[in-house]
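Each remark here refers to the structure printed beneath this line.
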Amino acid sequence: MSETNKPHVQEFEYKAEMKQLLNLIVHSLYTHPEVFLRELISNASDALSKARFAQLTDGAESGGELKISISVDKEKKSFVIEDNGIGMSEEDLIANLGTVAKSGTLGFLQAMKEQKEGGKLDANLIGQFGVGFYSVFMVTDEVVVETKIEGADACRWRSSGEGTYSIEKIDKQHRGTRISFTLKDEAADFAEEYRIESVIRKYSNFVDFPIYLDDKKVNSVEALWQKPKSELNDDEVNEFYKFVSVDYQDPLDYLHVSVEGAVSFKALLFLPKEAPMDMMYQQGALENHGPQLYAHKVMIQHECKDLLPEYLRFISGVVDTEDLSLNVSRETVQSSPVMSKIRQILTSKILGWFDTLADEQPEKFRQFYKAFGPVIKIGLNTDFSNREKLIELLRFESTRTEEGQYVTLKEYVGRMAEDQKEIYYLSGESRRQVLSQPNLEYFQKKGIEVLLLTDPVDVFVIPSINEYDSKPLKSIEKADIDFAASDDEKKEDEAVSATLIETLLKVFGDTLGDRVEKVVESHRLVNSPATLVSGSDAMDSQVEKMLKMMNKDAGAAKKILEVNPSHPIIKNLASRCMLNENDPMIRTVAEQLYEGALLLEGNLDSTVDFVSRMNQLIEEATKS
Ligand SMILES: Nc1ncnc2c1ncn2[C@@H]1O[C@H](COP(=O)(O)OP(=O)(O)OP(=O)(O)O)[C@@H](O)[C@H]1O
């Protein structure tokens, strides 16, 4: 921060990230420049909501009709937007318009960089990251913000977005904010009334304060959620969604709720088509999301997190109740029994909505599940009263589904063979990786369906289900799976004799020592020579891998190495073993099979020894 010699004008320098951000906005955002208007209107509307709220709660002065006024001059290419909202103090200006205060900004920069590399950069992104004000630099080279809060001096903030901004005290009588600038030549059409009107209709029609354009009111200010469901039409609903959710796509689906009873409320809720950017870029991003809360058609909270449990907060929209008084404070909202009742009813309605979607519009449901399935699963371990309903919503790919297609637990159980007593699953990074696991061979051969868990959340959630329809859920990585049926089929002459295999297993065991719990004969392998399985109480290998990635090595339990006595490699080794138990080749191969199995499950820490041993074996095999 540096001050110039001028008496009343203070000059400030932007922080490094801020410069980076402004640079991107000024030089790289080309599509949708009209977004600047949406952002300025949305900020004005927020400031007006705060003013209205202050009036209701602490009886602050009204300041006349709460409104947004825009005036333009075509000749001068000037643009002015003014509101009589809460305004900003000098400190607010520095905090809000001078610094990157929000974690969202870094996410935004990251997303921008990625988009830029992909060749397209979309200004629509800007609203999702709480950096909307700066989009004004798409259409102008210099912005002046004059603003006043109740009971403090008014200030003028000025910046050309290049690295510095200035603040000076000014005379301004009324509370509120006035933002003015001259449009760049290429953005001169924003001084045309028709252009502004069309942008307002597109993005800001539902702002619940009147917007005047040169004294003419241009928005509709309508509480859409108050209309009966039968009177809603898709176009206006979609438009409303884009407005409340700052999304540029139509919603995937919407739900209209009207409840009269112990509590009364109306709600219009939306399911986005895609997970919002910040949900992917920030952990715990849903913490502060939620629909807007209205009381008696007046907005009291923008993103009200108390309306829905965290795992449903990707749902946006409006909830309007007659049962909260207008001058309710944030804290009272939080602890109000009305809110917990609304939350309970909404949660149940929303889960019912998902269920109906799954029945009636499976393709839509599939799209929804793809985007939000991982979030929904969080609910299984946090919302115990709805656990059963959530379990019914779960979808999995399986060895019987195509890629991207799902099966439910109910369907799985419905098509289980009579003698199958358990629900089988296997977890891994991707469908391809899971399908390559030797542990699947037996199940594939027998035509037993196995659920493929590839969402990282799965391994933390699915084991907690324990059983469904009285059938235990079981990872096929576990050692205690019942393979009795397979034994009688095995042709005697195919496998190595019991005594021979015993000796070989002992050599394997001696070679691998502490690294495995034990080495045993396998009943599950068909085409592979060896595989690793976990003891019945051990951790799933996928969990182990993830804990390792998080540097939380929980002292992974030792695995059991299973060896396939029908496999040619094992047969060859058994013959060698009969001749010489100390044959070094047996030990080298034992190491190689063990590390190969680790590699397949993604848990081999270093491939150096593996590759050098492989070369040694190839050399052996290629000797003439
Ligand atoms: N007209 C205004 N009146 C009062 N405060 C304002 C006004 N415009 C901007 N601000 C303040 O500046 C802050 C930064 O605005 P900006 O548009 O960059 O982000 P945001 O509004 O917080 O997030 P989003 O763009 O997601 O709505 C606002 O949060 C608000 O505190």
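The values are calculated or read from the model by the stated rules, or taken from the named source; none is laboratory data. Source: prediction; values computed, not measured. Neighbour counts are summed over all protein chains in view; Cβ atoms, including those assigned to glycine, are modelled from backbone coordinates with ideal geometry.
All of K445, K410 fail the test of being basic (K, R) and modelled with pLDDT under 95, apart from K445. Scanning for something touching a strand residue (DSSP E or B) at 6+ places or on another chain (Cβ under 8 Å), modelled with pLDDT of 95 or more and closer than 27 Å to T57 by Cα, does segment 280-292 turn up at least one residue? The answer is no, given that none of the residues of segment 280-292 is touching a strand residue (DSSP E or B) at 6+ places or on another chain (Cβ under 8 Å), modelled with pLDDT of 95 or more and closer than 27 Å to T57 by Cα. When segment 414-447 is limited to residues that are of a type outside the set (D, E) and more than 30 Å from E595 (Cβ to Cβ), the one that is nearest to the chain's Cα centre (by Cα) turns out to be I423.
Screening segment 150-181 for residues that are away from the ligand (no atom under 14 Å from the Cβ), among the charged types (D, E, K, R) and touching a residue at least 60 places away in the same chain (Cβ under 8 Å) and picking the one that is farthest from I25 (Cα to Cα) gives D153. The single residue among F240, F190 that is of a type in the set (F, W, Y), within 25 Å of V145 (Cα to Cα) and either part of a strand (DSSP E or B) or more than 16 Å from the ligand (Cβ to nearest atom) (or both) turns out to be F190.
Taken together, V413, V450, V434, V407 contain a single residue that is without any contact (Cβ under 8 Å) to a residue 40 or more places away in the chain and touching a strand residue (DSSP E or B) at 6+ places or on another chain (Cβ under 7 Å), which is V434.
Considering only residues in segment 255-273 that are part of a loop (DSSP other than H, G, I, E, B) and not basic (K, R), the one that is farthest from E322 (Cα to Cα) turns out to be P272. Scanning segment 113-124 turns up one or more residues that are within 14 Å of the ligand (Cβ to nearest atom) and modelled with pLDDT under 90. Of the candidates S325, S348, the single residue that is assigned to a loop (DSSP other than H, G, I, E, B) and not acidic (D, E) is S325. Within segment 322-344, the set of residues being modelled with pLDDT under 90 and under 19 Å from E310 (Cβ atoms) comprises R330, V333, Q334, S335, S336.
Scan segment 43-91 for residues that are without any contact (Cβ under 8 Å) to a residue 12 or more places away in the chain and either under 22 Å from F181 (Cα atoms) or not assigned by TED's automatic domain parsing to the domain that holds F12 (or both) and report the count. Counting residues in segment 43-91 that are without any contact (Cβ under 8 Å) to a residue 12 or more places away in the chain and either under 22 Å from F181 (Cα atoms) or not assigned by TED's automatic domain parsing to the domain that holds F12 (or both) gives 1.
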